[in-house]
Amino acid sequence: MSVAKDAALLVGAPRSNARGKLGRSTVDTGTGELVGQTWPLLAVENLTKHFALKGGLLNRTKAVVQAVDGVSFDVQTGETLGIVGESGCGKSTTARLLMHLIPPDIGSIVFDGLVVGAADGGLSHRDLHRQMQMVFQESYASLNPRLPVAMSIAFGPLVHGLAKSAALKRAMKLLEAVGLDPMLFANRYPHELSGGQRQRINIARALALEPRIVILDEAVSALDKSVEAQVLNLLVDLKAQFDLTYVFISHDLNVVRYISDRVMVMYLGKVAEVGPSEVILKSPGHPYTAALLASMPSLDPDHRTEEAPLSGDPPNPIDPPSGCRFHTRCKFAAPVCSQQAPDLGEGTHQVACHMAHGSSGHPAAIAA
Ligand code: SF4
C-alpha cells in the first residue's frame, strides 16, 4: 500500500490513535528512498478543484474548468518534492489548495498525522499556516511596499503574538541567513531592492514563523539565470540549516532536477508520474515526462532533435479528453487510451499510463 493510502486511513481517525500507531517517515536524500515504515509529513488524497465559469443575465454556470482533479501524493519529512508540468497543468492551484488559500471541492490534507480543517482532533488552518509557508513567483507583489523589509519579515511573528523586539530580532537573524546584511537592508523598502534581493526577503518572511514545510511556487522563475542559481543554492543551504521540507513547483525540469529528491509530473489537472528524481529523469515511464525531458535544451549536439517532442498546446481543461487526458498528443495512444483513464499504480515509481500496467489492454503493455 502506498504511503498516501496509509495516510488516507488516518482521515477521520482520532488524533491519539493516528499518532500512536505510526512513526514519522523520512527520505534518504541520496537515493530518494523512504526510510522507516511510517506516516508522511504531508499526505494529500483525492484533492479536487473545479472552477465554475459564470455568465449571462442570470449569472449561471456556463462551463467548469477542471483545474485539479483527484490528485493524491505525499511528502516525507526532510525531502524536496518537485512538481512540474506545463502552464495550466494545475500545479499552482495544487499549491494554493495545500495552503487553503482556496478551499478544495473534495479531498483531504493530512499534516503530520492530523487532518487539516477537521472539526474534531484535526489541525486548524491557522495552525497549518504556522507550519506551512509559501513563496510566490512575484517577489514585489508579495511584499508590502510601505513597510521596511525588517518589519515585513517580523509581521507574521507579530500577528502570532511574538513581542515586537523579539520579532525584529528574529527578522535580523533571518536577513543574515538569506545572505543580506541586516545593517544595510533592514530599513530598505521593496522598491529599493533587486528582484533577487526581494525574493530573499520573501524567503526570510516565509521562514519567520519557523515552518516545517515551505511551498515554493515558481519562486525562482522570474529571476535571471545567475541569480536563479544563487537563490537555488541558498534554498539548499536553508533547508539543511532549518531542517525544512520543500514542495518545489516549477515549469522548468532543469531546475526541478537540481533541487528535488522526488519529482511529480502533472498534466491537465492530474498526476502523470511520480517517483525518485534519478529514476524519473533517467527512465521516465510516462510519454509526457519523456517528451518534457526531450524538449529540454541541450549543449550536446548529439542530443539535439529536429522533431518537436511535444506538439500542440494542452487541451482545454474545460472539456478535457476522455480516458487518458494525454491521448490527443501521445504517439503511443491506443483505443483503450481514449476509453479508460489509466491508474497511477503503486510503489515508489508510479506511472499513470496504460503501457505501464500489464492488464490494461494497451498492445505495448501486453508485449511488455
Ligand atoms: Fe499515451 Fe495511452 Fe499512456 Fe496515455 S495511457 S500516455 S495515451 S499510451
Residues in the range 212-254 near a label at Tyr140, defined as backbone nitrogen under 20 Å from the 7 Å Cα→Cβ point?
217-228
For the range 73-83, 3J(HN,Hα) per residue [Karplus equation, 6.51 cos²θ - 1.76 cosθ + 1.60, θ = phi - 60°, Hz, x = Gly/Pro]
6, 9, 10, 8, 4, x, 9, 10, 9, x, 10
When the charge dipole of the chain is computed with +1 at the Cβ of Lys and Arg and -1 at the Cβ of Asp and Glu, the Cα pointing farthest to the positive end, of Val336, Ala364, Met99, is that of Met99
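Counting other C-beta atoms within 10 Å, which of Val271, Val68 has the fewest, and how do the rest follow?
If I rank by nearby Cβ atoms, fewest first, I get Val271, Val68.
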For the chain, size of Cβ-based charge dipole, Lys and Arg +1, Asp and Glu -1, in debye
1240 debye
Quick one: grab the alpha carbon gyration tensor of the range 161-219, order the square roots of its eigenvalues as a ≥ b ≥ c, and give me rounded if a/c is under 1.5, else prolate or oblate depending on whether a/b is larger than b/c.
oblate
For the pair Glu346 and Asp313, how long in nm is the line joining their label points, each one 7 Å along Cα→Cβ?
4.1 nm
How many lysine pairs in the chain, separated by 8 or more positions in sequence or lying on different chains, have Cα atoms less than 26 Å apart?
26
Among Gly179, Gly285, Gly78, which one shows the highest mean-square fluctuation when the chain is modelled as a Gaussian network with alpha-carbon springs under 10 Å?
Gly179
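Which FRET efficiency, nearest 0.05, do Ile106 and Glu176 yield, Cβ-Cβ r, R0 45 Å?
Efficiency computed from Cβ-Cβ geometry: 0.55.
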Name the residues whose placed amide hydrogens come within less than 5 Å of the amide hydrogen of Leu123, ignoring near sequence neighbours (fewer than 5 apart) on the same chain.
Val115, Val116, Gly117, Ala118
Run the helix sum for the chain: -39,500 (n - 2.57) per DSSP H stretch of 4+ residues, divided by residue count, reported at 222 nm to the nearest 500 deg cm²/dmol.
-9000 deg cm²/dmol
With all distinct Cα pairs included, what does the Kirkwood hydrodynamic radius of the chain come out to in Å, to one decimal, could you say?
21.9 Å
Hey, if you put +1 on the Cβ of every Lys and Arg and -1 on every Asp and Glu Cβ in the chain, which of Gly275, Val220, Ala208 ends up farthest toward the positive end of that dipole?
Ala208
Would you mind ranking Glu138, Glu346, Glu79 by Cβ crowding within 10 Å, fewest neighbours first?
Glu346, Glu138, Glu79
Can you tell me how the range 33-103 classifies by the Cα gyration tensor, rounded, prolate or oblate, using a/c under 1.5 as the rounded cut?
prolate
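Read-outs throughout are calculated quantities, based only on the coordinates presented, and are distinct from any laboratory measurement. The model shown is predicted, which means the values in this text are computed figures rather than measured ones. Don't worry about glycine lacking a Cβ; one is built from the backbone with ideal geometry, like all the others, and counts go over all protein chains shown.
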